[in-house]
Structure formats: C-alpha cells, structure tokens
1. When residues of the stretch 128-149 are filtered for being in contact with a strand residue (DSSP E or B) (Cβ under 6 Å, 6 or more places away or on another chain) and of a type outside the set (Val, Ile, Thr), how many remain?
2. List, please: which pairs have Cβ atoms under 8 Å, are six or more places apart or on different chains, and start with a residue in the stretch 150-169 that is farther than 18 Å from LEU47 by Cβ and end with one that is of a type in the set (D, E, K, R) and crowded, with 21+ Cβ neighbours inside 10 Å?
3. Within the stretch 120-134, is even one residue touching a Lys or Arg at 6+ places or on another chain (Cβ under 7 Å), farther than 17 Å from PHE79 by Cβ and at pLDDT 95 or above?
4. Mind checking which residues of the stretch 136-169 are more than 17 Å from the chain's Cα centre (by Cα), at pLDDT 90 or above and within 15 Å of ILE51 (Cβ to Cβ)?
5. With respect to GLU53, is the statement that it is among the charged types (D, E, K, R), in a helix (DSSP H, G or I), over 17 Å from the mean Cα position of the chain (by Cα) and exposed (fewer than 15 other Cβ atoms within 10 Å of the Cβ) true?
6. Among the listed residues ASN129, ASN112, identify the single one that is polar (S, T, N, Q), assigned to a loop (DSSP other than H, G, I, E, B) and crowded, with 21+ Cβ neighbours inside 10 Å.
7. Restricting the search to the stretch 128-149, which residues are out of contact with any helix residue (DSSP H, G or I) (no Cβ under 9 Å at 6 or more places or on another chain) and either touching a residue at least 60 places away in the same chain (Cβ under 8 Å) or under 13 Å from THR104 (Cα atoms) (or both)?
8. Assigned to a helix (DSSP H, G or I), more than 17 Å from ALA33 (Cα to Cα) and within 11 Å of the chain's Cα centre (by Cα): is that true of ILE90 in this structure?
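The values are calculated or read from the model by the stated rules, or taken from the named source; none is laboratory data. Remember, predicted model here, so these are calculated numbers, not experimental data. Here the Cβ is made from the backbone with ideal geometry for all residues, glycine too, and neighbour counts use every protein chain on show.
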Amino acid sequence: MKIFKAILIIFLTNTLLQAEDVIMDKNTFIKKALNVNEVPMHSYIILKEEIEEGVTNILEDTYHLPVIKYWKSGNKVAFILEAIGKHEFITTGYVVENQKILDTKVLVYRENYGYEIKYDYFLNQIRGNTLKGNGKLTNRIANISGATMSVNSMRKLSKLSLFLYSKLN
C-alpha cells in the first residue's frame, strides 16, 4: 500500500509540474486569423538594433529568440509570441491590422495558476487595442486575482504585437 501511495504522489506531482494546456494548434490559429485555407509562408523580424531595443523596453527583458516569425495576408499580420507568466512560457497568437489588435488567443498555457487569461471574457479586453503615443494600450486590461504575472505578460505581448506590426510598414 505504501508503494502505491508513493507512486501516486510521484505521478500527481509530475502531472502538476508539467501542466500544459494546448488550447489551439498554431496552424489552426494562423488559418483562422488570416482567413485562409493554407498557412502562408512565414517571414521573420530579426531582433537587432532599434527593434531589439523596442522589444526589450516593452518586455523589460530580452526576447528569448533572435527572430520572431509572422504570417501576412493583405494588411493582416499574425504573430505567435511567447512570454514567461510566473514560471513558464505562455504561447499566444495575435492578429494585427492597421495598427489594431483584431484578435488574440492563448495557444498554450503552461502555468498552474492564472489560466483565466485563456477565456474570451479576458481576451475581449485586448481585442481592439491600439498603442497611444506614450506606448500604452488605449484600452485598460483588468487584472485577475492570482494571475497578475500572466496578465502582465499578456499586456506586454499585446504591446509587442502592435510594435512589431508598426515595424513592418
């Protein structure tokens, strides 16, 4: 009986430590976001010089990759962006057109807390946002108790998607 309990504790601990909620596949997001049947060829934004400086200012840290992929159809651009919530990466998708966030989705959530950011009632606050001249979002994003770091990451990634879009035009 003791061995069974030990195995159960180890299994549950590993399950909790490796929490990963895949909400939407990246390709599915891109097709829906750009309203296309096939995922278009991606392009890269290379993070160097003024772009790297802007990214670092927004994230208050460096981005974890030297390039950021994006997909474009007409004026719509889809980005897959990641930031650390409290301990783990949150993978998100953003669609920007004409300097406005049209849509956003949490694609993969890996934290044990703060999962509320994946729901539309939270994401609706991000949709329609643009950047003010001072670099802040035009619409306030309310915090969620227990998910402060995840909300802050979403706020930063929202600003980042708009910043990156501005560098494409």
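1. 1
2. Between residues of the stretch 150-169 that are farther than 18 Å from LEU47 by Cβ and residues that are of a type in the set (D, E, K, R) and crowded, with 21+ Cβ neighbours inside 10 Å, the close pairs are SER150/GLU111.
3. no
4. Result: SER166, LYS167, LEU168.
5. yes
6. ASN129
7. GLY128, MET149
8. No.
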